[in-house]
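Engineer: This is the structure, below, for whatever I ask next.
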Amino acid sequence: MVPDTSRWKTSPDYDFMDDLSVGDLAWECLRRNETYQTDYSGLLKSEQADQPLPQALRQRWGLRFRRPPQSQQP
């Protein structure tokens, strides 16, 4: 079932986004991307999460993390 998103602009669940930095906003969008989630899950399952990000993933997403990503939601 598809969630009802017709009232997303009035949802208090998104109030925190008003105060995000550009980087934090980019992270919020990226972490919701299903393809990114699949890539990240695969990385964790490969037990290489503590290694430098593989070249293919760096090129695909254009980023590198210095620490494990974390949600900025309260």
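Engineer: Could you tell me whether any residue of the range 41-50 is outside any loop (DSSP other than H, G, I, E, B), touching a residue at least 24 places away in the same chain (Cβ under 8 Å), out of contact with any helix residue (DSSP H, G or I) (no Cβ under 7 Å at 6 or more places or on another chain) and surrounded by 10 or more Cβ atoms within 10 Å (Cβ to Cβ)?
Structural biologist: No, the conditions are met nowhere in the range 41-50.
Engineer: Return the only residue of ARG32, ARG64 being at pLDDT 80 or above and charged (D, E, K, R).
Structural biologist: That would be ARG32, the only listed residue that is at pLDDT 80 or above and charged (D, E, K, R).
Engineer: Search the range 1-25 for residues being at pLDDT below 85 and aliphatic (A, V, I, L, M), and hand back the single one that is nearest to the chain's Cα centre (by Cα).
Structural biologist: MET17
The values are calculated or read from the model by the stated rules, or taken from the named source; none is laboratory data. This is a predicted model, so every value here is computed, not measured. Cβ atoms come from the backbone with ideal geometry, glycine included; neighbour counts cover every protein chain shown.
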